[in-house]
Amino acid sequence: MENHALESSTGHIVYYRYPRDGNLTEENDFGIAQWLPEDSNGAFTIKGSLFGMHKNERIRVHGTWETHSKHGKQFLVSHWERPLPETKDQIVSFLSSKFVKGCGKKKAELIVQKLGEQTLERIMNEGVTCLTGIKGIGPKNAVKIADSIKGNFEIQQIMMALLPYGISADTVTKMYKQWGAECVDIVRRNPYKLTEFRLIGFLKADEIAMAIGVSADSPYRLNAALQYVLNDMCYGGGHCFVRKDELMNRTRELLNGVPEQDILTELQLMSAHEQIIWEEDKVYPKHLFVYEKKLAYKLACMANRGGGAMPFLDQMIREYQLQHGIVLAEKQREAIRELFKQQLVIITGNPGTGKTTVVKAMIDIYRRHYPDSAIGLCAPTGRAARKLGELTGMDSSTIHMMLGFRPGAEPEYGDEMPLPFDLIFTDEVSMKDLQLAYHLFQAIGPNTKVVLIGDSDQLPSVGPGNVLHDLISAGIPHVRLTEIFRQARESQIIMNAHRINRGEQIVMDRSKDDFFFIEQSDPKRIAHLVVLSVLRFVDKGYKLEDILVLSPMKKGIIGTEELNNALQAAVNPPAEDKAELTAVGRVYRQGDKVIQIRNDYKKKVLNGDIGVVVGTAFVEDEEGEETDEIGLACQFQGKTIVYSRLELKDLLLAYAITIHKAQGGQAPVVIMPVSSSHYVMLARNLIYTGLTRAERVCAMIGTRKALHMAINNNKLVQRNTGLKERIEHSLRIYQPDQGVKKHVNLS
Ligand SMILES: Nc1ncnc2c1ncn2[C@@H]1O[C@H](COP(=O)(O)OP(=O)(O)OP(=O)(O)O)[C@@H](O)[C@H]1O
């Protein structure tokens with residue numbers, strides 16, 4: 001007979017039956033364990049959400065009994081807690097356990113001697129003060145002990161209060177870090193507050209609010225909904241602002257039934273409180289508005305601050321040409337002259353038009369003129385930065401690293417502390433979104449020159465903004481290189497890239513072996529051919545890191561997710577000597593190629609960095625001490641980084657990546673499915689960007705029809721940005737000789 005009444009048992013887990021290593025995560029939190037109760041009624045099996053329960057730890061579980069057809073009676077855990085140790089012995093053994101940092105048995109005994117049976121209550125209420133004066137416990141040590149005790153019990157009470165609302169254990173932990181013990185009150189008062197720190201999304205907050213009984217027309221709800229829709233539209237579509245009517249329509253749909261006037265009133269209030277910026281029919285998230293306005297002003301100042309033409313420059317260019325046995329194209333020479341005339345210059349060009357060549361000439365000539373000058377090189381991604389460094393033979397870093405981005409803080413370099421360079425070259429400028437461009441230009445001092453280099457026909461940045469296009473159309477000095485040089489003309493990759501860009505179909509010369517098109521219409525067969533092609537290139541001697549499989553999409557048979565699974569099975573199958581870790585629904589295996597998909601300044605791995613799995617290792621805690629959690633060890637540029645299971649949500653397999661993610665990087669071999677099943681994505685700049693990632697060979701697999709469709713689709717998706725108009729406006733009101741002529745409000 002089953003007993004459905006809620007029961008409790010205090011005891012500990014002897015061992016985990018499933019998973020064997022007891023490594024549960026927030027996503028995979030279901031566990032089965034052998035349980036030994038304290039009341040000595042004999043061990044039994046418990047199961048349920050056991051994430052956070054450690055072996056041998058004293059726990060109280062609550063739940064019901066059920067009878068499994070095969071395994072018999074089992075205890076189904078509904079929730080659990082760590083009971084406060086009661087006797088002095090229990091307190092000493094808890095204090096000296098691994099759950100309390102900085103406290104061994106001796107110290108534990110001294111603490112209990114002084115504070116008695118109320119030890120834990122006193123430490124939780126009084127904090128470190130009640131630990132002062134105890135032998136061997138210094139101030140730092142006292143903080144460690146008090147913090148870990150608080151962390152152990154306070155958070156568990158909070159969990160018990162919040163988990164019933166469907167908030168995950170991980171989110172509760174993050175909330176606790178943000179607000180401490182107050183987080184239960186905050187959630188009950190206004191669950192939408194959790195969206196402000198991106199702890200949860202609006203939809204989840206809305207679910208919690210409904211469970212708590214927040215009314216459908218609560219101003220908290222309308223406010224959060226407007227913020228959510230605004231950010232979703234901006235970040236989803238690359239916009240810096242959205243039209244008021246569209247914002248209202250989308251929000252009304254989301255809130256389904258809330259009167260339009262109520263939403264409008266909330267929008268007006270948000271504007272009055274400057275939570276959002278509403279200008280005519282444009283509504284900006286506040287931060288994007290500030291970035292746009294300040295960036296425009298800074299760029300206009302720089303555009304107006306050019307120097308005079310430099311005497312003898314043509315002579316120096318001639319000397320450079322003689323020395324390097326090269327005749328620069330007229331546009332290349334023009335770019336060099338602009339460098340000396342302007343504080344800011346943009347150089348664009350398709351592949352093989354001599355951008356890198358002119359950058360090298362600029363560095364050489366500038367150095368000759370200013371021998372002691374400091375020159376900095378940077379690019380938006382690690383891969384692009386490394387390439388720029390290799391081609392110029394100089395140090396080069398990511399923009400994030402150059403600016404000194406730090407977790408949760410402003411970058412080290414900014415308007416108060418400009419970058420210490422006289423001249424900065426920054427490559428792959430098409431990838432720079434508004435935020436990155438803002439931070440970079442904020443850190444440019446009045447005497448630093450900047451050269452932006454890029455290809456304006458590539459995909460725009462992933463984040464909001466259309467910076468390169470806006471700068472060019474606002475009239476920032478710009479030289480477009482157009483001549484394709486002989487060596488480049490010999491490459492079918494480069495020639496076809498130019499043809500695609502002009503809207504012409506590709507041509508193939510079978511006598512050359514750098515461009516292939518394999519005709520196949522069935523997506524399943526395309527996926528199979530992609531795998532076979534990778535294996536063939538590996539057979540030919542290419543390493544996995546030399547091969548990039550690029551797909552327009554993540555989902556579907558020829559999307560990156562499925563291709564990655566197929567490629568992992570083919571090129572890195574399981575083997576006894578290969579370590580493996582399953583987490584966040586994926587299998588990671590030693591030897592796998594992986595990609596980081598979010599900037600992590602702490603670990604110093606950036607969005608787009610590609611690495612390789614080297615094994616498993618113990619995860620370290622915030623103080624750098626080893627914990628007993630097994631994580632994944634990966635190598636990025638020779639540096640080993642260990643990911644905890646939770647952190648693995650930011651690490652994907654990288655045998656196949658999206659074309660968007662591949663921007664700023666190149667590889668000797670690119671394999672790209674081109675199929676009508678991706679028709680929504682088939683656009684000229686997408687195919688162009690994918691193809692130009694190939695350094696030596698490109699193999700397209702799919703149908704000519706799909707390729708034609710893409711080449712013919714030159715409709716650029718419009719992005720709402722006001723940067724161009726703001727630059728033009730700032731240029732009109734800024735007078736170089738008199739500083740700011742009219743008042744410019746930058747708040
Ligand atoms: N003025 C020139 N005369 C002769 N060859 C040139 C000249 N400028 C560049 N080249 C050659 O053309 C080729 C492409 O030049 P470069 O690498 O500078 O172009 P790029 O625009 O940087 O190309 P990509 O965007 O593909 O990196 C190189 O082999 C380079 O040596």
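The values are calculated or read from the model by the stated rules, or taken from the named source; none is laboratory data. Here the structure is a predicted model, which is why all the values come from computation and not from measurement. Here Cβ is always computed from backbone atoms with ideal geometry, including for glycine, and neighbour counts include all displayed protein chains. Only protein heavy atoms, including side chains, enter the accessible area calculation; ligands, DNA and RNA are left aside. Shrake-Rupley method; radii C 1.70, N 1.55, O 1.52, S 1.80 Å.
Look through segment 56-81, keep the residues that are in contact with a Gly (Cβ under 9 Å, 6 or more places away or on another chain) and at pLDDT below 85, and return whichever of them is surrounded by the most Cβ atoms within 10 Å (Cβ to Cβ).
Out of the qualifying residues, it is Trp80.
Which ones in segment 475-491 are surrounded by 19 or more Cβ atoms within 10 Å (Cβ to Cβ) and either of a type in the set (A, V, I, L, M, F, W, C) or within 14 Å of the ligand (Cβ to nearest atom) (or both)?
Those that are surrounded by 19 or more Cβ atoms within 10 Å (Cβ to Cβ) and either of a type in the set (A, V, I, L, M, F, W, C) or within 14 Å of the ligand (Cβ to nearest atom) (or both): Ile476, Val479, Leu481, Ile484, Ser491.
Which residue out of Glu416, Glu412, Glu428 is under 30 Å from Ala683 (Cα atoms), open to solvent by 20 Å² or more (accessible area, probe 1.4 Å) and acidic (Asp, Glu)?
Glu428
For the condition modelled with pLDDT under 90 and hydroxyl-bearing (Ser, Thr, Tyr), what is the one hit in Tyr679, Tyr688, Tyr655?
One residue alone meets the criteria, Tyr679.
Would you please list the contacts, defined by Cβ atoms under 9 Å and residues six or more apart or on different chains, that run from a residue in segment 144-164 that is among the polar types (S, T, N, Q) to a residue that is open to solvent by 40 Å² or more (accessible area, probe 1.4 Å) and in a helix (DSSP H, G or I)?
Cβ pairs passing all conditions: Gln157/Ala181.
On the basis of being modelled with pLDDT of 90 or more and within 16 Å of the ligand (Cβ to nearest atom), does Thr398 make the cut? Even if it seems obvious, please write down each step before you answer.
On the way: modelled with pLDDT of 90 or more: yes; within 16 Å of the ligand (Cβ to nearest atom): no.
Against the criterion (modelled with pLDDT of 90 or more and within 16 Å of the ligand (Cβ to nearest atom)), Thr398 does not qualify.
Could you say which residue among Asp364, Asp415, Asp372 is of a type in the set (D, E, K, R) and at pLDDT 95 or above?
Of the residues listed, the single one that is of a type in the set (D, E, K, R) and at pLDDT 95 or above is Asp364.
Hey, any hits in segment 67-89 for a residue that's acidic (Asp, Glu) and over 21 Å from Ser148 (Cα atoms)?
No, segment 67-89 contains no residue that is acidic (Asp, Glu) and over 21 Å from Ser148 (Cα atoms).
Looking at Val613, Val619, Val605, which is the one that is of a type in the set (Val, Ile, Thr) and under 20 Å from Ala385 (Cβ atoms)?
Val605
Evaluate segment 167-181: report whether one residue or more is in contact with a Leu (Cβ under 7 Å, 6 or more places away or on another chain), buried (at least 21 other Cβ atoms within 10 Å of the Cβ) and within 29 Å of Leu648 (Cβ to Cβ).
Checking segment 167-181: at least one residue is in contact with a Leu (Cβ under 7 Å, 6 or more places away or on another chain), buried (at least 21 other Cβ atoms within 10 Å of the Cβ) and within 29 Å of Leu648 (Cβ to Cβ).
Identify the single condition in (1) open to solvent by 30 Å² or more (accessible area, probe 1.4 Å); (2) more than 26 Å from Ala497 (Cα to Cα); (3) of a type in the set (A, V, I, L, M, F, W, C); (4) without any contact (Cβ under 8 Å) to a residue 40 or more places away in the chain that Met402 does not satisfy, given that it satisfies every other one.
(1)
Any chance segment 99-115 includes a residue that's open to solvent by 20 Å² or more (accessible area, probe 1.4 Å), without any contact (Cβ under 8 Å) to a residue 40 or more places away in the chain, among the polar types (S, T, N, Q) and closer than 30 Å to Gly138 by Cβ?
yes
So how many residues does segment 694-712 have that are more than 15 Å from Gln492 (Cβ to Cβ) and either open to solvent by 60 Å² or more (accessible area, probe 1.4 Å) or within 16 Å of the ligand (Cβ to nearest atom) (or both)?
Selection size over segment 694-712: 5.
Go through segment 492-507 and give me each residue that's open to solvent by less than 30 Å² (accessible area, probe 1.4 Å) and within 12 Å of the ligand (Cβ to nearest atom).
Selection gives Ile493, Ala497, His498.
Considering (1) without any contact (Cβ under 8 Å) to a residue 24 or more places away in the chain; (2) open to solvent by less than 60 Å² (accessible area, probe 1.4 Å), say which one Pro574 fails and leave the rest.
Single failed check for Pro574: (2).
Kindly evaluate Arg198 against the criterion of being within 30 Å of Gln156 (Cβ to Cβ), of a type in the set (Lys, Arg), open to solvent by 30 Å² or more (accessible area, probe 1.4 Å) and within 23 Å of the chain's Cα centre (by Cα).
Answer is yes for this residue.
Given the conditions (1) among the hydroxyl-bearing types (Ser, Thr, Tyr); (2) in a helix (DSSP H, G or I); (3) at pLDDT 95 or above, report the number of the one that Ser430 does not fulfil.
So the condition that Ser430 fails would be (3).
Checking the condition modelled with pLDDT under 95 and in contact with a strand residue (DSSP E or B) (Cβ under 6 Å, 6 or more places away or on another chain), which residue from Asn256, Asn304 passes?
Result of the check over Asn256, Asn304: Asn304.
Being open to solvent by 60 Å² or more (accessible area, probe 1.4 Å) and of a type in the set (D, E, K, R) is the filter here; which residues of segment 234-261 pass it?
Arg243, Asp245, Glu246, Arg250, Arg252, Glu253, Glu260
Only residues in segment 441-470 that are over 18 Å from Lys724 (Cα atoms) and away from the ligand (no atom under 14 Å from the Cβ) count as the first member; pair them with residues that are in a loop (DSSP other than H, G, I, E, B) and among the small types (Gly, Ala, Ser), Cβ under 7 angstrom, at least 6 apart or cross-chain, and list the lot.
Sorted first by the residue in segment 441-470, then by its partner, the pairs are Ala443/Gly414.
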